[in-house]
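Enquirer: After the structure tokens below, expect a handful of questions from me.
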Amino acid sequence: MSSDAVPVSLGKDRGRAQPAGRLGSALVIIVVVQLMLTIDLMIVTVALPSIGKDLGLGESGLAWVVNAYGLALGGLMLLGGRFGDTFGRRKLFMLGIALFTVASLAGGFAMSDWWFLTCRALQGIGAAMVMPNCLALILSLFPAGPQRTKAIATSAAASSSGAVVGLLLGGVLSTGLSWRWVMFVNVPVGIIVLILAPLYIKEQSRIRGKFDIAGAATSALGVALLVFGLSHAGEAGWSTVSVWLPILLGAALFVAFTLVERRASQPIMPLSLFADRNRVAAYICAVLVTGVMIGQSFFLTMFLQGPLGFSALLTGFAFLTTGFALVFSSTVVIGLMRKIGERWMTFAGALMLIAGNLWLTTIALDSGYWGTIFGPLALTGIGMAATLIPATEMAGAGVESGNYGSASSTYNTMLQLGGPFVLAILVTVLATAGRNVTVPAGVPGDRADYYVLTESMVSGFVTAVILSIGVAVTSLFIRRTTPAPTPTPTVTPAPVPA
């Protein structure tokens, strides 16, 4: 940090702790926002056929319904975190919510493809302003120790379960009402948050100095190109120029970004964040765990709606197993983590992921939900809680207050990149395995494609097992940490269900 980058206090009572009730209410607001943003990543997925029919979007256009949001979010995440550190975290939080809410309202009234896709991109920009500042606000509001651990666990559970809830909610809204309600549902939530946030969330200290414009440009474009290339690889294959060219350009921009950050007086992403072994382990776990979860959801969605014949709504209900397992195991994870530490908690979670995906390698054309899928989904939910809660805590541990936004945005960027990166690998494995499957003579003709799909998925789940083993190996490099001293009991967050 440069000599002219000095902390500036925003708020009249910066030195006094917030009352317990107000701090608990602040956590509720932050968690609700995180849940809304992660739900929005998946809520449109189930409604894509209806959206395409009404707005005249083909397959490539429907892909952009997802990618427009993901590219804006991934490309601007680092920028949103540093803007919060520089200009005020609550301010960026509220501006992002306002933009996200307006874009949701406008998108619900969309009458053409360009109108809707523009609103999806604006939603992504708003989310990029909000998401990194959610964790940064938690790190600012809660002192290190059990209070912060509990708040982070609640936050992580909300973020992780949001994708599952999004699938269900998208099915309910698009089936019972209209696809437009997958956009409208955000509006009342956003309005309530904009009213309550100034009352319960204090503005935090910020830093003042030179803003890293070169770092902002190279990071935004680099992440956007990587996300686009990796997402496109799943449908176009790795040999396509439109896949490997943006990936190479994105990688080159990241090299340039690293060089810029080494010389910047006030970097977007301080490279000192990577000097801590535990934090690097948290980043690796974030990429692998979220990628494995999204890949598993992708495969099982095809199986549930294919061979098993589930409707979109029933598929959403089927995935609630993961969400419930994650939420209910979070409290147990917090207690165990205090006793055995982040290393062994993460290792135990990795074993759950390994077991769940190993179980799924037994999937066959005649497999049922309760015998083959329910158990692995539950193990995945527990494994996610046991790995991502420690990872989220390690990502913010030991970070200077002026870098909370940068630390949060870096971790959230890893979460964002995990999905397209791992999914591209798994889809490539699926496609390669499918070309080598021979359909037995006894399989009916109308089930032949389902047979190929199911047999190919086995190779995908084997790959997911290998990636989960990577999480287990990474956990062994986590440095043992000493428990933080118990803070004074003047501020205690209210219990908040995720």
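We did not get these values from a lab; they are worked out from the coordinates using the rules stated. Computed from a prediction, not measured in an experiment: that's the story for all the values here. A quick note on method: Cβ atoms are made from the backbone with ideal geometry, for glycine too, and the neighbour counts reach across all protein chains shown.
Enquirer: Within 12 Å, Cβ to Cβ, of ILE138, how many net charges do the neighbouring residues add up to if Lys/Arg are +1 and Asp/Glu are -1?
Expert: Spelling it out: positives minus negatives among the neighbours equals +2.
Enquirer: Sticking with the crude label model, points 7 Å out along Cα→Cβ, report the distance from THR361 to THR428 in nm, one decimal please.
Expert: Using points 7 Å along Cα→Cβ, the separation is 2.1 nm.
Enquirer: Would you mind checking the tilt of helix 89-108 against the longest principal axis of the Cα atoms of the chain, expressed as 0 to 90 degrees and rounded to 10?
Expert: 40 degrees
Enquirer: Apply the Karplus curve 6.51 cos²θ - 1.76 cosθ + 1.60, θ = phi - 60°, to the phi angles in region 302-313 and return the couplings in whole Hz, x for Gly and Pro.
Expert: Those phi angles translate into 5, 6, 5, 8, x, x, 7, x, 6, 6, 4, 5 Hz.
Enquirer: Moving on. Rounded, prolate or oblate for region 273-482? Axes are the square roots of the Cα gyration tensor eigenvalues, ordered a ≥ b ≥ c, and the cut-off for rounded is a/c under 1.5.
Expert: prolate
Enquirer: Would you work out the charge dipole size for the chain about its Cα centre, treating the Cβ of every Lys and Arg as +1 and the Cβ of every Asp and Glu as -1, and quote it to the nearest 20 debye?
Expert: Approximately 1660 debye in magnitude.
Enquirer: Run the numbers for ARG479 and PHE87: contour at 0.36 nm per residue of separation, minus the present Cα-Cα distance, in nm.
Expert: The ARG479-PHE87 span can extend by a further 137.7 nm.
Enquirer: Moving to a separate point now. What does the net charge come to around PRO307 if you take all other residues with beta carbon closer than 15 Å to its beta carbon, with K and R at +1 and D and E at -1?
Expert: Residues close to PRO307 contribute a combined charge of -3.
Enquirer: Sum -39500 (n - 2.57) across every DSSP H segment of at least 4 residues in the chain, then divide by the residue count to get the 222 nm mean residue ellipticity, nearest 500.
Expert: -26500 deg cm²/dmol
Enquirer: Would you work out which of PHE142, ALA156, THR118 lies farthest towards the positive end of the dipole of region 24-173? Charges go on Cβ: Lys and Arg +1, Asp and Glu -1.
Expert: PHE142
Enquirer: Provide ILE39, ILE340, ILE334 in ascending order of the number of other Cβ atoms located within 10 Å of each residue's Cβ, fewest first.
Expert: With the sparsest Cβ surroundings first, the list reads ILE340, ILE334, ILE39.
Enquirer: Within 10 Å, count the other beta carbons around each residue, average over each peptide in 247-255, 409-417, and list them highest first. Walk me through the intermediate numbers first.
Expert: Values: 247-255: 16.2, 409-417: 25.6.
The peptides rank, most packed first, as 409-417, 247-255.
Enquirer: Give me the net charge for the shell around ALA397: Cβ to Cβ below 11 angstrom, other residues only, Lys and Arg +1, Asp and Glu -1. Intermediate results must be reported in sequence, preceding the final value.
Expert: Numbers: positive: ARG148, ARG279, ARG479; negative: ASP276, GLU342, GLU393.
Net local charge, ALA397 excluded: 0.
Enquirer: Which ³J(HN,Hα) values, rounded to whole Hz and listed in residue order, are derived for region 277-293 from phi using the Karplus coefficients 6.51, -1.76 and 1.60 in 6.51 cos²θ - 1.76 cosθ + 1.60 with θ = phi - 60°, glycine and proline given as x?
Expert: For region 277-293, the Karplus-derived couplings read 4, 5, 5, 4, 4, 4, 5, 5, 4, 4, 5, 6, 5, 5, x, 5, 5 Hz, x marking Gly and Pro.
Enquirer: If you don't mind, there's one more thing I want to ask. Neighbour counts of other C-beta atoms within 10 Å: give me PHE319, PHE421, PHE310, PHE477 arranged from fewest to most.
Expert: With the sparsest Cβ surroundings first, the list reads PHE477, PHE310, PHE421, PHE319.
Enquirer: Expressed as a rounded percentage, what relative contact order does region 210-265 have, with Cα pairs under 8 Å and six or more residues apart?
Expert: 47 percent
Enquirer: Given the peptides 320-333, 269-282, arrange them by the average over their residues of other C-beta atoms within 10 Å, most packed first.
Expert: Highest-to-lowest ranking by the protection proxy: 320-333, 269-282.
Enquirer: Next question. What's the ranking of 68-75, 451-458 by average number of surrounding C-beta atoms within 10 Å, highest first?
Expert: Numbers: 68-75: 24.2, 451-458: 19.8.
So the peptides 68-75, 451-458, ranked by packing, come out 68-75, 451-458.
Enquirer: Let me ask something else. Could you pull the Rg and Dmax for region 64-183, using just the Cα atoms, both in Å?
Expert: For region 64-183, the Cα radius of gyration and maximum Cα-Cα distance read 15.8, 51 Å.
Enquirer: Which whole-Hz couplings ³J(HN,Hα) result when phi for each residue of region 443-457 is put into the Karplus expression 6.51 cos²θ - 1.76 cosθ + 1.60, θ = phi - 60°, listed in order with x for Gly and Pro?
Expert: After applying 6.51 cos²θ - 1.76 cosθ + 1.60, I find 7, x, x, 6, 10, 4, 4, 5, 5, 4, 4, 5, 5, 5, 4 Hz.
Enquirer: Classify region 210-265 from the C-alpha gyration tensor, please: rounded if a/c falls under 1.5, else prolate or oblate depending on whether a/b exceeds b/c. Spell out each step's value before the answer.
Expert: On the way: a/c = 4.60, a/b = 2.88, b/c = 1.60.
Verdict is prolate for region 210-265.
Enquirer: Dipole magnitude of region 273-482 about its Cα centre, charges +1 at Lys/Arg Cβ and -1 at Asp/Glu Cβ only, in debye to the nearest 20?
Expert: Working: 9 positive and 8 negative charges, 118 e Å.
For region 273-482, the charge dipole is close to 560 debye.
Enquirer: Separate question: Taking other Cβ within 10 Å of each residue's Cβ, how do TRP179, TRP115 sort, fewest first?
Expert: Fewest-to-most ranking of TRP179, TRP115: TRP115, TRP179.
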